[in-house]
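Only the coordinates and a few stated rules stand behind these numbers; no lab work does. These numbers come from a predicted model, not from an experiment. Quick reminder, even Gly has a Cβ in these numbers, built from the backbone with ideal geometry, and neighbours come from all protein chains shown.
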Protein chains: 2
Amino acid sequence: MAAPSARYDVLGIGNAIVDVLARAEEDFLLAQGMRKGTMALIDAARAEAIYDAMGPAVEMSGGSAANTIVGLASLGRRSAFVGKVKADGLGRAFAHDIRAAGVSFTTAPAADGPSTGRCYVLVTPDGERTMNTYLGAAQDLHPNDIDAETIAASAVIYLEGYLWDPKHAKDAFLKAAKIAHDAGRKVALTLSDAFCVDRWRDEFLQLMRSQTVDLIFANEAELHALYQTSDFDAAVAGLRADIAVAVVTRSEKGCLVVGPEGTEAVPAFPVERVVDTTGAGDLFAAGFLAGLARGADDRTCGRLGALAAAEVIQHLGARPETSLKDLARENGLAD
Amino acid sequence: MAAPSARYDVLGIGNAIVDVLARAEEDFLLAQGMRKGTMALIDAARAEAIYDAMGPAVEMSGGSAANTIVGLASLGRRSAFVGKVKADGLGRAFAHDIRAAGVSFTTAPAADGPSTGRCYVLVTPDGERTMNTYLGAAQDLHPNDIDAETIAASAVIYLEGYLWDPKHAKDAFLKAAKIAHDAGRKVALTLSDAFCVDRWRDEFLQLMRSQTVDLIFANEAELHALYQTSDFDAAVAGLRADIAVAVVTRSEKGCLVVGPEGTEAVPAFPVERVVDTTGAGDLFAAGFLAGLARGADDRTCGRLGALAAAEVIQHLGARPETSLKDLARENGLAD
């Protein structure tokens with residue numbers, strides 16, 4: 001039986017995070033012992049130390065799945081987000097920004113406990129971003145925050161691998177995935193980060209093999225980490241065996257869609273200058289899922305992903321600055 | 001007797017404000033009853049209403065004199081700032097950003113009372129900014145916040161006209177000006193905004209005529225408001241009679257330096273695309289004062305001002321994104 005028509009094209013569940021972005025030199029990363037291009041989890045004391053050491057910053061709402069969901073709204077898709085902030089200034093900013101982007105966001109903020117989560121993002125002159133995340137209130141996302149009726153009314157549930165880090169979020173994730181499948185919906189997962197894959201490899205593979213997720217997004221580093229191999233083709237063969245559909249992003253080389261009807265390579269969009277890669281993967285997923293929502297073919301989905309990613313890496317910050325719907329129209333990718 | 005060598009080239013006193021910037025259409029300004037291109041003072045309730053209505057936003061430290069002082073630091077000048085924040089999240093961000101820019105900032109934050117001041121900045125597609133300021137804790141800047149020793153050790157005190165709005169800040173301003181003059185230092189004032197001039201015209205003229213200030217910065221609209229005339233030449237004649245040195249900024253037409261040795265017109269720097277005019281006047285003042293600090297001629301001071309203004313209007317936000325010192329060197333305006 002086909003699922004009834006959905007209220008939301010995509011509902012995302014993720015860590016609700018405000019980004020604190022600053023430019024930094026390579027030396028700064030070295031001095032701070034940061035691994036360039038990755039995401040490290042930090043505690044409150046380390047968050048203070050990094051903030052004290054870093055340059056003048058800009059605060060912008062972020063969070064991986066949240067960025068994706070905002071991208072979907074910018075592409076004209078109906079979308080919703082579930083994630084935990086505290087009822088503090090940054091939490092207010094996060095809620096304002098995501099709602100002002102047209103996303104339904106109704107998760108109750110935490111009244112006490114740790115402050116709203118923050119990610120200290122250092123952007124080096126080459127445009128690469130290095131992230132340090134203090135999860136804060138995001139740690140307290142709980143299965144009770146998952147509303148069964150809303151999940152069942154969403155065509156796709158999109159989950160970030162980073163959710164495996166906070167204590168209860170995993171249970172919220174599994175609860176949502178079960179409700180979605182029982183309602184005939186699809187479940188998508190992004191592997192998030194190579195170190196995140198290292199932390200949760202077995203569980204991620206289990207999610208794929210048990211068909212708890214139907215679609216995964218991964219970049220090359222995450223894919224290699226997942227199958228513990230440096231052989232790209234072997235890793236892709238692993239994907240083919242383990243999941244119905246996988247999308248592998250390869251930066252300027254575009255992406256590979258690995259599905260039941262074979263493998264399709266889709267080129268990236270050329271970019272004049274990479275200013276800040278923050279949000280590149282998140283926005284790629286937004287474009288791809290927007291294509292899926294309208295039943296587009298793999299190539300169109302991949303091109304929409306590439307277009308959204310190209311927009312976000314040409315400015316500071318992980319959320320689109322222009323209407324992605326207009327951009328899609330200008331590039332012959334309109335609905 | 002010449003004043004002893006200074007610890008700071010410029011010490012700024014102003015409202016400590018965090019900007020909340022969002023893009024907006026002209027229709028939004030109309031619907032909200034905002035006057036495009038100006039600064040309106042708003043109360044806490046109106047601040048909430050504007051924030052709820054506006055689009056996704058970015059938080060960045062701002063404040064007129066604070067932006068100028070950060071610009072001076074970026075130009076390699078030793079600088080300090082005096083202004084009041086609350087000990088809250090935004091106050092922490094303001095203090096972090098200005099110190100991380102290399103500015104000395106030691107004003108004690110307010111432990112209670114209103115929250116840190118915010119300016120809701122709406123940037124229209126033409127790059128013009130329309131500002132709505134909730135002064136918050138900035139209202140509580142008090143003469144006790146003025147440290148006589150630090151003021152006396154600063155070659156130039158730079159004050160914003162906006163300081164006339166909060167209750168006690170005016171007294172702080174006058175206290176600082178007297179200390180500075182007693183120590184053989186100079187006092188500069190920016191007129192800030194045409195409506196601010198309308199509110200405080202007589203007091204501003206009195207400051208000039210009593211030689212409480214030695215140098216003023218004004219744009220054309222502020223100048224016309226000051227002398228209540230639409231005749232530019234008549235207004236300039238007024239300036240010549242009322243103050244030793246005045247600098248009138250005229251956007252893409254450059255600036256006019258009106259001094260004891262006559263009047264010099266200095267051209268602007270060409271700009272590819274105006275993204276956001278927020279901070280244009282503030283950064284012009286930074287460049288001009290940086291020139292003064294090294295004893296440059298009027299033309300060089302004006303060109304440095306134009307260069308710093310050109311940098312800040314080509315991106316979102318009121319603080320420089322690149323080293324202005326490097327930019328000055330590349331444009332043949334190095335020390």
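Reducing segment A:12-71 and segment B:261-335 to their Cα centroids gives an inter-centroid distance of 31 Å. If you look at the Cα atoms of segment B:5-145, you get an Rg and a Dmax of 15.6, 53 Å.
For the protein assembly as shown, give the magnitude of the charge dipole about the Cα centre (Cβ charges: +1 Lys/Arg, -1 Asp/Glu; no others), in debye to the nearest 20.
Dipole magnitude for the protein assembly as shown comes out near 440 debye.
Note on A:94-101: average number of Cβ atoms from other chains within 10 Å of each residue's Cβ is 3. Do any of A:Lys86/A:Lys175; A:Lys86/A:Lys167; A:Lys86/A:Lys186; A:Lys86/B:Lys84 go past 21 Å between their Cα atoms, and which? In this structure, A:Lys86/A:Lys175; A:Lys86/A:Lys186; A:Lys86/B:Lys84 exceed 21 Å between Cα atoms. If you bin all the Cα-Cα distances of segment A:20-98 at 10 Å, starting from zero, the percentages per bin are 14, 40, 31, 14, 1. Three principal axis extents of segment B:140-191 based on alpha-carbon atoms, in descending order, are 27, 24, 12 Å.
Candidates B:Ala244, A:Gly302, A:Gly33 compared by Cα position along the dipole of the protein assembly as shown: farthest toward the positive end lies A:Gly33, with charges placed on Cβ. For segment B:291-335, the Cα gyration tensor yields ellipsoid semi-axes of 19, 11, 8 Å (square root of five times each eigenvalue, largest first, whole Å). Build a GNM of chain A with springs between Cα atoms under 10 Å apart, and of A:Leu307, A:Leu30, A:Leu72 the one that fluctuates most is A:Leu30.
The mean sequence distance of close C-alpha pairs (under 8 Å, at least 6 residues apart), as a share of the length of segment A:1-151, puts its relative contact order at 35 percent.
Counting charges near A:Arg299 (Lys, Arg +1; Asp, Glu -1) among other residues having Cβ under 13 Å from its Cβ returns a value of -3. All alpha carbon pair distances within segment B:177-233 were sorted into 10 Å bins beginning at 0; the resulting P(r) in whole percents reads 24, 50, 21, 5. Along the axis of the charge dipole computed for segment B:75-224 (Cβ charges of +1 for Lys and Arg, -1 for Asp and Glu, origin at the Cα centre), the listed residues B:Ala148, B:Leu205, B:Leu174 are led at the positive end by B:Ala148. Only Cα pairs under 8 Å and 6+ residues apart enter the sum, and on that basis the relative contact order of chain A stands at 18 percent.
Measuring spread by the Cα atoms of segment A:71-178 yields a radius of gyration and Dmax of 14.7, 46 Å. Position A:Glu330: other-copy label points at 2.4 nm, ordered by increasing distance, label point 7 Å along Cα→C-beta. The alpha-carbon positions of chain A define a convex hull whose volume is 123 Å³ per residue. Annotation: the residues A:Val271, A:Val70, B:Val156, sorted from fewest to most other C-beta atoms within 10 Å of their own C-beta, follow the order A:Val271, B:Val156, A:Val70. Here A:Lys178 is the anchor, and the aspartates and glutamates within straight C-alpha reach of less than 13 Å, apart from those fewer than 8 places off in the same chain, are A:Asp147, A:Glu149, A:Asp214.
Eigen-decomposition of the gyration tensor built on the alpha-carbon atoms of the protein assembly as shown gives equivalent ellipsoid semi-axes of 51, 23, 23 angstrom, largest listed first. Over segment A:52-119, the pair-distance histogram of Cα-Cα distances with 5 Å bins from zero comes to 3, 17, 27, 22, 15, 10, 5, 1, 0 percent, rounded to whole numbers.
Where both bridge residues fall in segment A:86-225, DSSP classifies roughly 40% of the beta bridges as antiparallel.
Per the Debye calculation on segment A:122-237 with a single equal scatterer at every Cα and no solvent contribution, log₁₀ I(q)/I(0) for q = 0.13, 0.21 Å⁻¹ amounts to -0.57, -1.19. What separates the B:Gln314 label point from its copies, with the point 7 Å along Cα to Cβ, is 1.7 nm, written shortest first.
Label point of A:Gly37 (7 Å along Cα→beta-carbon): distances to the other copies' equivalent points are 4.8 nm, sorted ascending. Only DSSP H runs of four or more residues enter the estimate; each adds -39500 (n - 2.57), and after division by the residues of chain A the mean residue ellipticity at 222 nm equals -11500 deg cm²/dmol. If you wrap the Cα atoms of segment B:169-264 in a convex hull and average its projected area over all directions, you get 6.2 nm².
At most 12 other Cβ atoms within 10 Å and a DSSP loop assignment: could you name the GluC sites (Glu not before Pro) in segment B:253-325 that fit?
On the way: sites: B:Glu261, B:Glu264, B:Glu272, B:Glu311, B:Glu321; in loops: B:Glu261, B:Glu272, B:Glu321.
Those that pass, being in a loop and sparsely packed, are B:Glu261, B:Glu272.
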